[in-house]
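*Asks:* My questions all concern the structure below.
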Amino acid sequence: MKIYYLEIVTTEVDAVCAAYASTHGVQFGESDASLGNARTAPLAGGGFVGVRAPLRTTEAPVVRPYWLVKDIEAAVTALVEAGGQIAVEPMQIPGHGTFAIYLQGGNDHGLWQL
């Protein structure tokens, strides 16, 4: 299992980015509109972390790992069979890949296919 994208939704984007930058020695870029205006930095071993503000008033702060999969459609099917609830169907983000979000066990989870 490998986390490809670690999404952090917070009301304090700049403070979270500054804390990660100072403790982990990473540099966050400018906001990326295709990732909900997340500011991103690389993860060791590949992938990246994104820190963004809520996209709507009803979106609560959350930390959501997106697990790298080879076949997102097959993974979604398997998750539904295992009791997961799909919150966002597989959706392509040009230049980044395809993601999906599911809910299970009271947590948000994500999938990512390159």
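Bear in mind that the values in this text are calculations on the coordinates, not laboratory data. For clarity, every value in this text was computed on a predicted model and none was experimentally measured. Please note: Cβ atoms are built from the backbone with ideal geometry, for glycine as well, and neighbour counts cover all protein chains shown.
*Asks:* Send over the per residue convex hull volume for the range 3-113, Cα only, as a whole number of Å³. Each step should come with its number before you reach the end.
*Replies:* Details: hull volume 12.0 nm³, N = 111.
Expressed per residue, the convex hull around the Cα atoms of the range 3-113 is 108 Å³.
*Asks:* Considering only DSSP beta bridges with both partners in the range 3-113, what is the antiparallel share in %, to the nearest 5? Show your work: numbers first, answer last.
*Replies:* Values: 25 of 33 bridges.
Rounded to the nearest five, the antiparallel share is 75 percent.
*Asks:* Go through G47, V88, I8 and say which Cα lies farthest out towards the positive end of the charge dipole of the chain; charges sit on Cβ, +1 for Lys and Arg, -1 for Asp and Glu.
*Replies:* Farthest towards the positive end: G47.
*Asks:* State the antiparallel share, in %, of DSSP beta bridges confined to the range 1-56, rounding to the nearest 5. Please report the intermediate quantities before stating the final value.
*Replies:* Values: 6 of 11 bridges.
Expressed as a percentage, antiparallel bridges in the range 1-56 total about 55.
*Asks:* What order do you get for 70-83, 1-14 when each peptide is scored by the mean count of other beta carbon atoms within 10 Å, highest first? Before the final figure, lay out the partial values.
*Replies:* Details: 70-83: 13.2, 1-14: 16.4.
Result, highest mean first: 1-14, 70-83.
*Asks:* Follow-up question, since we're still on this one. Using unit Cβ charges (K, R positive; D, E negative) and no other charged atoms, how large, in debye to the nearest 20, is the dipole of the chain about its Cα centre?
*Replies:* That gives the chain a dipole magnitude of about 160 debye.
*Asks:* For helix 13-24, what angle does its Cα long axis make with the longest principal axis of the chain, in degrees from 0 to 90 and rounded to 10?
*Replies:* The answer is roughly 80 degrees.
*Asks:* Calculate one ³J(HN,Hα) per residue across the range 61-69 by plugging θ = phi - 60° into the Karplus curve 6.51 cos²θ - 1.76 cosθ + 1.60, and present them in order as whole Hz with x for glycine and proline.
*Replies:* Values per residue, Gly and Pro as x: x, 7, 10, 10, x, 10, 7, 6, 10 Hz.
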